[in-house]
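The values are calculated or read from the model by the stated rules, or taken from the named source; none is laboratory data. In this text the structure is predicted, and so the values were computed from the model without any measurement. Neighbour counts are summed over all protein chains in view; Cβ atoms, including those assigned to glycine, are modelled from backbone coordinates with ideal geometry. We work out accessible area using only protein heavy atoms, side chains counted, and drop any ligands, DNA or RNA first. Shrake-Rupley method; radii C 1.70, N 1.55, O 1.52, S 1.80 Å.
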Amino acid sequence: MHKAERIRVLQDVIKIKSVNDNESEVADYLADLFQKYEIESEKIKYSEGRESLIATYKKGEGKVLGISGHEDVVAAGDESEWKFPPFSAEIEGDKLYGRGSTDMKSGLVALAIAMIEMKEENADINGTLKFMGTVGEEVGELGSEQLTKEGYADDLDGLIIGEPTGSALIYTHKGSMNYTVVSRGKSAHSSMPKEGINAIANINEFVTRANAEMQAVTDKYKNDVLGETAHSITIINGGDQVNSIPAMTTLQGNIRTIPEFDNSQVKALLQGIVDELNKRDGFNLELIVDYDIYPVESKSDSELIKAIQAVSNQELPVTGISPTTDAAAFTKADNEFDLVIYGPGVSYLPHQIDEYVSIENYLEMIDNYKAIYKEYLK
């Protein structure tokens, strides 16, 4: 595939408004691209307008290398603040602008084009490349969870996820947990507060306890690569009017977890606080876990990471990150496999205004992926 076509394909995919939805259009585009090069693909429906894509290129009976990226992007925000319209895929110098250019349509497309070029060139490999484009990564790893449950990751020996990582090879990342606490009280006139039960006051007791106990966790448990647990209470809503005792208050928080104190331990800690407070008169608290993504661990010296280092011009750092990825779902498969998160883009630009990818970085990564495919499947 010529350089101009490589760039045009990425522009076409960025122009598709797959904002937390409409991934089917991305899947259709890539399926047509694979078909043009006689590579079979299969669309997996998640819901109306949302389809993941599986495409396979096999040459020999060797290992299976999964290559994956998500088709969805986050909202562009106030489009008037962008230098160029966020879905126009404008180019200025070496920068290709657009929502999803870094996170992570450049990685998604680079993985796919590298696979296509392997077939075009009849590259010398012994094994299978399995492309997996997923829906709903930005809102809970929806597609990767579905594909994992349906067995699409069960035959993998290795998996590359093309999230933007700069020059780093990522083999581990924190988990993420969103939770809600509902405090139910009793309304009364503020001139007679003893006739009511103040739901805000009760939720404040939870805040005090949760902050203290999660700080103790942060102080005690550390991960050499990922660091410490991060707990933040981010939303509190309660009360109807200033002269009424609030009958209900809700609180929401987010926790970034590490393997040393994972999601199950966090849930037990929070539930213990709720249960203990509910023993007091007037307390009626309920804990709800809204989002529950566990930390990801893999080997820092896996055969896949060794293959990448072998074809790189320099020794690449091997480390971890705080954000979650589709790896959290795929690693729940019935088998263990090598894992690396490695892709083009500017690592600090996801979800930001004027998101862009360096065209040189994108083109270079296509060639890097091809070299990795050959080394891992030799």
Given (1) at pLDDT 95 or above; (2) farther than 28 Å from E286 by Cα; (3) not hydrophobic (A, V, I, L, M, F, W, C), G166 misses just (1)
Please work out which one of (1) charged (D, E, K, R); (2) within 35 Å of the chain's Cα centre (by Cα); (3) surrounded by fewer than 16 Cβ atoms within 10 Å (Cβ to Cβ) is the condition K279 fails and give its number.
(2)
I'm checking my understanding of the structure. Among residues of the range 80-90 that are closer than 20 Å to V109 by Cβ and in contact with a strand residue (DSSP E or B) (Cβ under 7 Å, 6 or more places away or on another chain), which one is least open to solvent (accessible area, probe 1.4 Å)?
A89
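Yes or no, residue by residue, for (1) β-branched (V, I, T); (2) open to solvent by 70 Å² or more (accessible area, probe 1.4 Å); (3) assigned to a strand (DSSP E or B); (4) within 21 Å of N284 (Cβ to Cβ):
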position	(1), (2), (3), (4)
A210	no, no, no, yes
Q215	no, yes, no, no
V225	yes, no, no, no
T234	yes, yes, yes, no
V242	yes, yes, no, no
T249	yes, no, yes, yes
Matching residues, the range 346-363, being open to solvent by 10 Å² or more (accessible area, probe 1.4 Å) and out of contact with any Phe, Trp or Tyr (no Cβ under 8 Å at 6 or more places or on another chain):
S347, Y348, P350, H351, Q352, S358, I359, E360, N361, L363
Hey, does the range 77-88 have a residue that's farther than 20 Å from E360 by Cα and basic (K, R)?
yes
Test L142 against the criterion of being in contact with a Phe, Trp or Tyr (Cβ under 8 Å, 6 or more places away or on another chain), crowded, with 24+ Cβ neighbours inside 10 Å, in contact (Cβ under 8 Å) with a residue 24 or more places away in the chain and more than 17 Å from L349 (Cα to Cα), and give yes or no.
no
Please go through the range 325-345 and give me each residue that is open to solvent by 20 Å² or more (accessible area, probe 1.4 Å) and out of contact with any Phe, Trp or Tyr (no Cβ under 9 Å at 6 or more places or on another chain), ordered by number.
D334, N335, E336
Any idea which of G77, G98, G93 is surrounded by fewer than 17 Cβ atoms within 10 Å (Cβ to Cβ), under 26 Å from the mean Cα position of the chain (by Cα) and either on the phi > 0 side of the Ramachandran plot or free of Cβ contacts under 8 Å to residues at least 60 places away in the same chain (or both)?
G77
Taking E141 as meeting all but one of (1) in contact with a His (Cβ under 7 Å, 6 or more places away or on another chain); (2) at pLDDT below 95, write down the number of the exception.
(1)
Pairing a residue in the range 297-313 that is open to solvent by 100 Å² or more (accessible area, probe 1.4 Å) with any residue that is polar (S, T, N, Q), where Cβ atoms lie under 7 Å and the two sit 6 or more apart in sequence or on different chains, gives E297/T172
Just give me the residues in the range 28-48 being open to solvent by less than 90 Å² (accessible area, probe 1.4 Å) and more than 20 Å from K15 (Cβ to Cβ), in sequence order.
Y37, I39, S41, E42, I44, S47
Could you check the range 153-183 and list, in sequence order, the residues that are of a type outside the set (G, A, S), under 16 Å from the mean Cα position of the chain (by Cα) and in a loop (DSSP other than H, G, I, E, B)?
E163, P164, T165, K174
Only residues that are closer than 21 Å to I14 by Cα and crowded, with 21+ Cβ neighbours inside 10 Å: list them for the range 55-74, please.
A55, I67, S68, G69, H70, E71, D72, V73
For the range 111-139, name all the residues that are crowded, with 21+ Cβ neighbours inside 10 Å and not in a helix (DSSP H, G or I).
I125, L129, K130, F131, M132, G133, T134, V135, G136
Look through S183, S167 and report the one residue that is surrounded by 22 or more Cβ atoms within 10 Å (Cβ to Cβ), farther than 18 Å from G66 by Cα and either of a type in the set (S, T, Y) or free of Cβ contacts under 8 Å to residues at least 40 places away in the same chain (or both).
S183
Looking only at the range 63-91, which residues are among the charged types (D, E, K, R) and either part of a strand (DSSP E or B) or within 18 Å of I113 (Cα to Cα) (or both)?
K63, E71
